[in-house]
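The values are calculated or read from the model by the stated rules, or taken from the named source; none is laboratory data. Remember, it's a predicted structure, so these values are computed and weren't measured experimentally. As a convention, Cβ positions derive from the backbone with ideal geometry for all residues, glycine included, and neighbour counts pool all protein chains shown. Heavy atoms of the whole protein, side chains included, go into the accessibility calculation; ligands, DNA and RNA do not. Shrake-Rupley method; radii C 1.70, N 1.55, O 1.52, S 1.80 Å.
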Amino acid sequence: KNTHFLIIGSHPPGQVHYLESLKEKIAVSGAKDDITLMNFTDDIWEVWDSCDIAVVPSSEPEPFGMVALEAMVSGKPVIAAAHGGLTDIIVDGFTGSLFEPASPAALADCIEMLAKDGEKSRAFGRNGRCRALEFFPVEKYVSSFSELYRKA
């Protein structure tokens, strides 16, 4: 049992009830000693360096999965909900694993699979880094947004 979960982020302004609900669920969980909450941080690269696997369990579709992309650039395999922009970024079975949104069992299966198979996890991380750098380079997005602003 070498798994520790780090949950990073902050609640939306005026919606502290989300954080309080999460804290309550953790407190009664059998895994409470293996879970750490961390507020939003600008120094995410240090965090990625300390992690083995990234999990993006978005309950609602995201237009673009910046967290997943950051993890991929850091060479981490990504487990993510299979909806929204995450399905355009992550290649299931190659850069990480996509699971059915809102399915805790499917999420747990993906985490367990990568936690138990270090070789696969490292391969997904290498593949993800290559994919991120090839298909989602910063320069491409800066020029795309610049062009949109010029047209507007």
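Report, to the nearest 10°, how far helix 118-135 tilts away from the longest principal axis of the Cα atoms in the chain, using its own Cα long axis and a range of 0 to 90°.
30
Just the accessible area for GLU134, please: 1.4 Å probe, Å², rounded to the nearest 10?
Accessible area of GLU134: about 130 Å².
Any idea what angle helix 138-151 forms with the longest principal axis of the chain, computed on alpha-carbon atoms, 0 to 90 degrees, nearest 10?
With both axes taken from Cα atoms, the answer is about 60 degrees.
Amide H of VAL55: which non-local residues (sequence gap of 5 or more, or other chain) have their own amide H closer than 5 Å, using H built in the peptide plane?
Long-range HN contacts for VAL55: ILE79.
Calculate how steeply helix 104-116 sits against the longest principal axis of the alpha-carbon atoms of the chain, using the helix alpha-carbon long axis, and give the answer as 0 to 90 degrees to the nearest 10.
80
Can you compute 3J(HN,Hα) from phi for each residue in the range 80-85, using the Karplus curve 6.51 cos²θ - 1.76 cosθ + 1.60 with θ = phi - 60°, rounded to whole Hz and x for Gly and Pro?
Going residue by residue, I get 9, 5, 7, 7, x, x Hz, with x marking Gly and Pro.
What are the residues whose amide H is under 5 Å from the amide H of ILE35, where those residues sit 5 or more places off or on another chain and H is modelled from the backbone?
Placed amide hydrogens put PHE5 under 5 Å from ILE35.
In nm, what is the difference between 0.36 nm times the number of residues separating VAL28 and VAL47 and their Cα-Cα distance?
Length gained between VAL28 and VAL47: 4.2 nm.
When 1/r is averaged over all different Cα pairs and the result inverted, which Kirkwood radius in Å belongs to the range 42-112?
12.0
As an exercise, take the mean of 1/r over every pair of distinct alpha carbons in the chain, invert it, and state the Kirkwood radius in angstroms.
16.6
Could you check which residue among ALA108, ALA132, ALA54 shows the biggest mean-square fluctuation in a GNM of the chain with a 10 Å Cα cutoff?
Of ALA108, ALA132, ALA54, the Gaussian network model singles out ALA108 as fluctuating most.
When you count, for each residue, the other Cβ atoms within 10 Å and take the mean per peptide, how do 118-125, 16-23 rank with the highest first?
Peptide ranking by packing, descending: 118-125, 16-23.
Can you list the HN-Hα couplings for the range 52-59, worked out from phi with the Karplus curve (6.51, -1.76, 1.60; θ = phi - 60°), rounded to whole Hz and with x for Gly and Pro?
9, 9, 9, 10, 10, x, 3, 7
Taking the Cβ-Cβ separation of ARG150 and PHE64 as r and a Förster radius of 30 Å, what is the calculated FRET efficiency to the nearest 0.05? Display every interim value, and only then the final one.
Working: r = 21 Å, r/R0 = 0.69.
After rounding to 0.05, the efficiency reads 0.90.
Residue-wise, which Karplus ³J(HN,Hα) couplings in Hz belong to the range 29-44, taking 6.51 cos²θ - 1.76 cosθ + 1.60, θ = phi - 60°, and x for glycine or proline?
7, x, 9, 4, 7, 10, 10, 10, 9, 9, 5, 3, 9, 7, 8, 6
For ASP109 and LEU37, what does the FRET efficiency come to when R0 = 22 Å and r is the distance between their Cβ atoms, rounded to the nearest 0.05?
Calculated transfer efficiency: 0.40.
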